[in-house]
1. Please give the charge dipole size of the range 160-312, origin at the Cα centre, charges +1 on K and R Cβ atoms and -1 on D and E Cβ atoms. Round to the nearest 20 debye.
2. Please sort 191-198, 83-90 by packing, taking for each peptide the average over its residues of neighbouring beta carbons within 10 angstrom, highest first.
3. Mind checking the angle between helix 264-277 and the chain's longest principal axis? C-alpha axes, 0 to 90 degrees, to the nearest 10.
4. So how tilted is helix 162-171 from the main axis of the chain? Cα-based, degrees 0 to 90, rounded to 10.
5. How long are the three semi-axes of the equivalent ellipsoid for the range 268-388, computed from the Cα gyration tensor as the root of 5 times each eigenvalue, in whole Å, largest first?
6. Which of these, N166, N258, N121, has the largest mean-square fluctuation under a Gaussian network model of the chain (Cα springs below 10 Å)?
7. Per 5 Å bin, what percent of the C-alpha pairs of the range 31-116 does each bin hold, from zero upward?
8. Would you report the distance distribution of C-alpha pairs in the range 202-283 as whole percents per 10 angstrom bin, up to the bin with the largest distance?
Amino acid sequence: MLIPSHDKSSASVIEHPRDFLKRLFERAVEVADPMRSLAGFLPPKPDGRILVVGAGKASARMAEAVEAAWGPCNGLVITRYGYGRPCQGVEIVQAAHPVPDEAGLRATARMLDLVRSAGENDFVLALISGGASALLVQPVDGVTLEEKQAVNQALLASGAPIDRMNTVRKHLSRVKGGQLAVAAYPAHMLALLISDVPGDDPAFIGSGPTVGDSSTPADARAALERWRVAVPPSVECALNRATGVMAPGDPKLSCVDNVIVAAPRQSLDAAADLASRSGCEVRMLGDALEGEARDVAILQARQALEIRASMRPGDAPVLLLSGGELTVTRRGAGVGGPNAEFCLALALALNGAPGIHALACDTDGVDGAAEVAGAVVDPATLALAAQAGLDAGKYLAENDAHSFFQAVGGQIVTGPTLTNVNDFRAILIEPALL
């Protein structure tokens, strides 16, 4: 999709490309902030008993936004360590992500007890964002927390796409795949969702705790086999039993409404508008890209090089924007994430080509399991590495992209952004100077 610049006649080389790309990323995060995006989706505060529950990296900020509109509320929300927010009435519990822990297990049990107490005349507001899959922890009978942790770790290292990972998680859970909504039945539930999944399917946001799912345990077993994820006998046994995941048309889901309040496309569009107003010709590559990070990087590097070769002095800079969720198949023992690995593979594919700068970050501020949002690349990246005696190819082979960019000064560290609409990738291509 092509978004032309507002005024090509004034097109010029971006003076500070790295700062420009950071501003685009900051704009993408800003429009997905629940304090900006959520209030318009809230109904007037209902009369009677209200319960606010939720989970995800953005859920505490979402609860904060709810109370800014409605005042103090009773409820319980689970978020990632470091992502808590001051709320007036809603209790915020912090737990581990991406591998669940005991704090998440205890809090999820309490949340289920809370929603089960809801009656027909009560109103339950569920706040769900990416990260809820790990934070809502209640394994099926016969599977321990430790076994669930092991499966999560293996899935994360396997390179499986997020929808397949979530299929497995659902069928090993007593809360995902519509089961949280069923626990609240017959109370009316409104679920407000921030999407971090390609395609924005509510069934896969946080593994769909308020959404029915047509997948089966056989689908979960097939995913484990396809991505060669070894599991303990208890998990095999659980996936050979009847599932608790609710079918989409189940009557017990009739009292829930699911509404997406923020999604990747909105953030990409906001960044595109800012870039266009800055004189760039924006080319949107899609908001739902999937695949191996290093493979996508090679494809986008080729595209950037072809564009640069066709440009003439005085042409408007071209910006390639994309979102979605890339994956990394763990081959080495390094510290990395999809965005940093994308940047490292991109730098190698560009090989110092002039006029091309790039940024890739996760909008939640956490790329993989590291407290780093992502990285930036410019024509000097590989030269800086060579001067420091670093072999970029070896870092890529070890899945050690975060260490590489830390060494060359290319890391982007934001801290908790309090939202999560997944990956943001921007490649700026400038023409040669006159």
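The values are calculated or read from the model by the stated rules, or taken from the named source; none is laboratory data. All values reported here derive from a predicted model rather than from experimental measurement. Cβ sites come from the backbone with ideal geometry, for glycine too, and all protein chains shown count toward neighbours. Only protein heavy atoms, including side chains, enter the accessible area calculation; ligands, DNA and RNA are left aside. Shrake-Rupley method; radii C 1.70, N 1.55, O 1.52, S 1.80 Å.
1. Computed charge dipole of the range 160-312: roughly 340 debye.
2. 191-198, 83-90
3. Once rounded, the angle reads 30 degrees.
4. With both axes taken from Cα atoms, the answer is about 10 degrees.
5. Gyration-tensor ellipsoid for the range 268-388: 24, 18, 13 Å.
6. Most flexible of the set in this elastic network: N121.
7. Per 5 Å bin, starting at zero, the Cα-Cα P(r) for the range 31-116 comes out as 3, 15, 25, 24, 18, 10, 4, 0 percent.
8. Bin by bin from 0 Å, the calculated values are 14, 29, 22, 19, 13, 3.
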